Amino acid sequence: VSVSGIQNGAPDGIALVDPDGDVEEFLSYEGTLTATNGPASGLTSTDIGVSETSSTPVGHSLQRVGTGSVATDFTWQTPTTDSPGQPNSGQTFVGAPPPATAWINELHYDNSGSDRNEGFEIAGTAGLDLSGWSVELINGSNGSVYGTVALSGTIDDEGLGMGARWF
């Protein structure tokens, strides 16, 4: 899936939405925001605490690191070499949690002010079908959704029942 325009000012947000329309995770970068429409309407984002700049090299992204099996087991780190569709460097999955789960695992939104190679990675339980899931891109200046990315495919097994998929 080609994604461009993820960087839309500061702050911006990204919400992972399951097939039932429930927001599984609402993150932001470069500050917090409250969504004014879409599935995350009325929710306040969680700022990941790190960001990219126009000097972030191509091929780098913000990533979660640590050891665990759910999103809260991992912490965000500053830009490092990206790993689309693979566990991040410094990330160890320790087994699939019941029930099936997914989270935003990697994010790349800016390099030299261009919209090239932007994208995000969804990690979670191996075998989870992402059909019907979506990611909402949310503008921090007014809280409105400015883009929706329909997800597809299945999270592959990269070990211990966990995996990741890049969009």
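The values are calculated or read from the model by the stated rules, or taken from the named source; none is laboratory data. Please read all numbers here as calculations on a predicted model, not as lab measurements. Every residue, glycine among them, receives a Cβ derived from its backbone with ideal geometry; neighbour counts consider all protein chains shown. Please note that ligands, DNA and RNA were not included when accessible areas were found on the heavy atoms of the full protein model with its side chains. Shrake-Rupley method; radii C 1.70, N 1.55, O 1.52, S 1.80 Å.
Brief remarks on what is shown
- Check on T148, exposed (fewer than 15 other Cβ atoms within 10 Å of the Cβ) and part of a strand (DSSP E or B): yes
- The stretch 115-129 residues that are more than 16 Å from S51 (Cα to Cα) and open to solvent by less than 10 Å² (accessible area, probe 1.4 Å), paired with ones that are basic (K, R) and in a strand (DSSP E or B) (beta carbon under 6 Å, 6 or more apart): I122/R165
- Within the stretch 73-97, the set of residues being over 15 Å from the mean Cα position of the chain (by Cα), closer than 14 Å to D157 by Cα and outside any strand (DSSP E or B) comprises V94, G95, A96, P97.
- For the stretch 87-121, the set of residues classified as hydroxyl-bearing (S, T, Y) and at pLDDT 85 or above consists of S89, T92, T101, listed by residue number.
- Restricting the stretch 72-104 to residues that are in contact with a helix residue (DSSP H, G or I) (Cβ under 9 Å, 6 or more places away or on another chain) and not aromatic (F, W, Y), the residue that is farthest from I122 (Cα to Cα): V94
- Checking each residue in the stretch 25-72 for being modelled with pLDDT of 95 or more and of a type in the set (D, E) picks out E25, D47.
- When G132, G143 are screened for being crowded, with 19+ Cβ neighbours inside 10 Å and part of a loop (DSSP other than H, G, I, E, B), only G143 passes.
- Residue ID - farthest from E25 (Cα to Cα), chosen from residues in the stretch 54-97 that are among the small types (G, A, S) and surrounded by fewer than 16 Cβ atoms within 10 Å (Cβ to Cβ): S55
- Residue match in the stretch 36-47 (condition: open to solvent by less than 30 Å² (accessible area, probe 1.4 Å) and free of Cβ contacts under 8 Å to residues at least 60 places away in the same chain): no
- Qualifying residue in the stretch 22-30 (condition: open to solvent by 20 Å² or more (accessible area, probe 1.4 Å), free of Cβ contacts under 8 Å to residues at least 40 places away in the same chain and of a type in the set (A, V, I, L, M)): yes
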